[in-house]
Amino acid sequence: MNILMVGAGFSCAVVARELANAGHKISIVEQRPHIAGNCHTERDGETGVMVHVYGPHIFHTDDVEVWEYVNRFSTFKPYVNRVKSTVGGSVFSLPINLHTINQFFGKTLRPDEAKAFIQAQADTSIENPRTFEEQALKFVGADLYEAFFKGYTKKQWGCEPSELPASILKRLPVRFNYNDNYFFHRFQGMPEHGYTALIEGILDHENISVRLNTAFERGMMSTFDHTFYSGPLDGYFGYSEGRLGYRTLDFERFIYDGDYQGCAVMNYGEERVPYTRITEHKHFSPWEEHEGSVCYREYSRACGVDDIPYYPIRLVEEKAMLSRYVELAESAEGVTFVGRLGTYRYLDMDVTIREALDTARDYLRALRENTRVPAFFVNPI
């Protein structure tokens, strides 16, 4: 088969590699001047620091096959994500753990004491939390919610926490020990030479060709047997039903001679601070040594027409619009929608790779069995 891939991020790269291994010819078009999508990394010319150009990406997973897959194409170095937060003139560890609790309340509680203390702080009148705010108040009470969640969430999402679903907070655990590892997953690390080099390795196959600086046009599909599309779902249909809502990020870059903040990620939870966090990128490669440092202040705002979409909003209005686009997609022929933008879902890298591997296998099965290839192998709704 002669197959077109739209986008050169993880989704299409992994599907392309698996189909190329099966003997199919793959052509990838990518509108940016580089591969790897928002995971793109590059060396800073001034300091030599490996920079995560579109914001930091930390690889973490419990999926053994996915971990083994990425390690085929890059050496992964150990990396533990330890996030700090500046609130009220003090620095705390995130996610909220025993150290955070003791420091914030000026106590020396043991784990059982801390659990009982937080339960006493929590709003037990909320039985079934429906919103982010209710979930936070039920988990940790008003004081910790106000300090670490309320202002940060308003800046990140551009709305009141009472307007967001409770499910968002499930990504932020509370621990009653001193474990400050942000993730629970068994496998965690960073590709030694960056994510762009990793995806270069995945795309290094005689059956795969890549064209950069090439915008997708629907007319391209006519010369291919099938298309995998990882661009914006609404964009494929010319935004006929309206534009799906996203948040985007603005980055304010600055150079520092030395170590600016002593950690990779420093959150700023207070609403009066306009940025959500500062990232210092040399700390994402702790096995390297650099005198200079590259830092970014991150500002979150509504995504405009010409902005890069980062976080799908997926509130009530967007979900109704999404349903209309899914109907259009399922009636289209010769195209499958994949990835974060193609399915309008927030996806961690390991989940993106898992879905791409499964999509490639399901596509090959459909070819063998001569059945219709669906528009979605994963339901976006």
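The values are calculated or read from the model by the stated rules, or taken from the named source; none is laboratory data. Here the structure is a predicted model, which means the values were calculated and not measured. A quick note on method: Cβ atoms are made from the backbone with ideal geometry, for glycine too, and the neighbour counts reach across all protein chains shown.
One residue is enough: does the range 266-277 have a residue meeting the conditions β-branched (Val, Ile, Thr), outside the structural domain of Glu146 (by TED's automatic domain parsing) and assigned to a strand (DSSP E or B)? Let's see the steps before the verdict.
Filtering the range 266-277 down to residues β-branched (Val, Ile, Thr) leaves 273, 276.
Now drop any that are not outside the structural domain of Glu146 (by TED's automatic domain parsing), which leaves 273, 276.
Within this subset, residues satisfying the condition of being assigned to a strand (DSSP E or B) are none.
Checking the range 266-277: not a single residue is β-branched (Val, Ile, Thr), outside the structural domain of Glu146 (by TED's automatic domain parsing) and assigned to a strand (DSSP E or B).
Only residues in the range 195-217 that are at pLDDT 95 or above count as the first member; pair them with residues that are acidic (Asp, Glu), Cβ under 8 angstrom, at least 6 apart or cross-chain, and list the lot.
Listed pairs, sorted by first residue: Thr196/Glu42; Val210/Glu30; Arg211/Glu30; Leu212/Glu30; Asn213/Glu30; Thr214/Glu30.
Please work out which residue is nearest to Leu315 (Cα to Cα), limiting yourself to the range 220-242 and to residues that are surrounded by fewer than 20 Cβ atoms within 10 Å (Cβ to Cβ) and hydrophobic (A, V, I, L, M, F, W, C).
The extreme case among them is Phe237.
Of all residues being out of contact with any strand residue (DSSP E or B) (no Cβ under 8 Å at 6 or more places or on another chain), among the hydroxyl-bearing types (Ser, Thr, Tyr) and surrounded by fewer than 18 Cβ atoms within 10 Å (Cβ to Cβ) in the range 322-381, which is farthest from Thr223 (Cα to Cα)? Just the residue, please.
My answer is Ser323.
Against the definition (modelled with pLDDT of 95 or more, among the hydroxyl-bearing types (Ser, Thr, Tyr) and either over 30 Å from Ala166 (Cβ atoms) or not assigned by TED's automatic domain parsing to the domain that holds Phe224 (or both)), how does Ser331 come out, yes or no? It would help to see each step written out before you state the result.
Details: modelled with pLDDT of 95 or more: yes; among the hydroxyl-bearing types (Ser, Thr, Tyr): yes; either over 30 Å from Ala166 (Cβ atoms) or not assigned by TED's automatic domain parsing to the domain that holds Phe224 (or both): yes.
Judged against the criteria, Ser331 is a match.
Restricting attention to the range 243-260, and to residues there that are assigned to a loop (DSSP other than H, G, I, E, B) and in contact (Cβ under 8 Å) with a residue 40 or more places away in the chain, which single residue is surrounded by the most Cβ atoms within 10 Å (Cβ to Cβ)?
Result: Leu244.
Only one of Arg297, Arg314 is crowded, with 16+ Cβ neighbours inside 10 Å, of a type outside the set (S, T, N, Q), at pLDDT below 95 and out of contact with any Leu (no Cβ under 7 Å at 6 or more places or on another chain); which?
Only one candidate qualifies: Arg314.
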